[in-house]
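Everything on this sheet refers to the single structure shown next.
The values are calculated or read from the model by the stated rules, or taken from the named source; none is laboratory data. Computed from a predicted structure; not experimentally measured. Cβ sites come from the backbone with ideal geometry, for glycine too, and all protein chains shown count toward neighbours. Remember, those area values only see protein heavy atoms, side chains included, never the ligands or the DNA or RNA. Shrake-Rupley method; radii C 1.70, N 1.55, O 1.52, S 1.80 Å.
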Amino acid sequence: MTRINGIADYPLAENRPDLVRTARGTPLEELTLNSVEAGKVTLEDLRITSQALKDQASISELAGRPTLARNFERAAEIVDVPQDFVLKVYELLRPGRAKTKDDLLAAAKTLRETYGAAQMAAFVEEAAEVYERRGLFTYRF
């Protein structure tokens, strides 16, 4: 069940601030300059959350933008994936960077089995199929 009432909820910070919380659970209204100066706000409070991305996906779907919604859903899955692994996968997805289909399939397996990122894993597996069909696994540089 979605928490979103409709596209009028966008932008959430303005129209549904009651839904916006930081990764530490701090409500949006508590992210103030005074809180920052008092040391009550950490970097963790400034990161996007999985829930915020899922909410953005719901709004995108309601707005008739399913591709954008899928992007937000995949992003929601990788919020807690270590950044070094995200960058590794990003590099592998650049055409000509993965040496073989197996490189991408191994990354997909890790996304699915280690981080529970099933949609992102499926995206990487789809890329592996397309790259194989188009011959994009050889180094071009």
Quiz item: Got at least one residue in the range 25-43 being touching a strand residue (DSSP E or B) at 6+ places or on another chain (Cβ under 9 Å) and among the small types (Gly, Ala, Ser)?
Solution: no
Quiz item: Exactly one of (1) of a type in the set (A, V, I, L, M, F, W, C); (2) touching a residue at least 24 places away in the same chain (Cβ under 8 Å); (3) open to solvent by less than 30 Å² (accessible area, probe 1.4 Å); (4) within 25 Å of residue 7 (Cα to Cα) is unmet by residue 57. Its number?
Solution: (2)
Practice problem: Restricting attention to the range 120-141, report how many residues are buried (at least 17 other Cβ atoms within 10 Å of the Cβ) and outside any loop (DSSP other than H, G, I, E, B). | Solution: 8
Quiz item: Which condition number in (1) surrounded by 12 or more Cβ atoms within 10 Å (Cβ to Cβ); (2) in contact (Cβ under 8 Å) with a residue 24 or more places away in the chain; (3) closer than 26 Å to residue 116 by Cα; (4) among the aliphatic types (A, V, I, L, M) is the one that residue 46 fails?
Solution: (1)
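Consider the range 25-53. How many of its residues are under 21 Å from residue 70 (Cβ atoms) and assigned to a helix (DSSP H, G or I)?
Number satisfying all stated conditions: 4.
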Quiz prompt | Members of the range 60-85 that are among the polar types (S, T, N, Q) and open to solvent by 70 Å² or more (accessible area, probe 1.4 Å) | solution = 67, 71, 83
Quiz item: If residue 80 passes every condition in (1) under 22 Å from residue 56 (Cβ atoms); (2) charged (D, E, K, R); (3) more than 12 Å from the chain's Cα centre (by Cα) but one, which one does it miss?
Solution: (3)
Quiz prompt | Close pairs from the range 111-134: first under 17 Å from residue 83 (Cα atoms) and free of Cβ contacts under 8 Å to residues at least 24 places away in the same chain, partner surrounded by 14 or more Cβ atoms within 10 Å (Cβ to Cβ) and basic (Lys, Arg), Cβ under 7 Å, at least 6 apart | solution = 121/112
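A quick yes/no check of all residues on (1) at pLDDT 95 or above; (2) in a helix (DSSP H, G or I); (3) over 23 Å from residue 130 (Cβ atoms):
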{"position": "23", "(1), (2), (3)": "no, no, yes"}
{"position": "71", "(1), (2), (3)": "yes, yes, no"}
{"position": "81", "(1), (2), (3)": "yes, no, no"}
{"position": "84", "(1), (2), (3)": "yes, yes, yes"}
{"position": "87", "(1), (2), (3)": "yes, yes, no"}
{"position": "96", "(1), (2), (3)": "no, no, no"}
{"position": "106", "(1), (2), (3)": "yes, yes, no"}
{"position": "109", "(1), (2), (3)": "yes, yes, no"}
Quiz item: Could you list, in sequence order, the residues of the range 17-28 that are free of Cβ contacts under 8 Å to residues at least 12 places away in the same chain and over 13 Å from residue 49 (Cα atoms)?
Solution: 18
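Looking only at the range 86-111, count every residue that is closer than 23 Å to residue 56 by Cβ and surrounded by fewer than 20 Cβ atoms within 10 Å (Cβ to Cβ) and tell me the total.
Here the count works out to 4.
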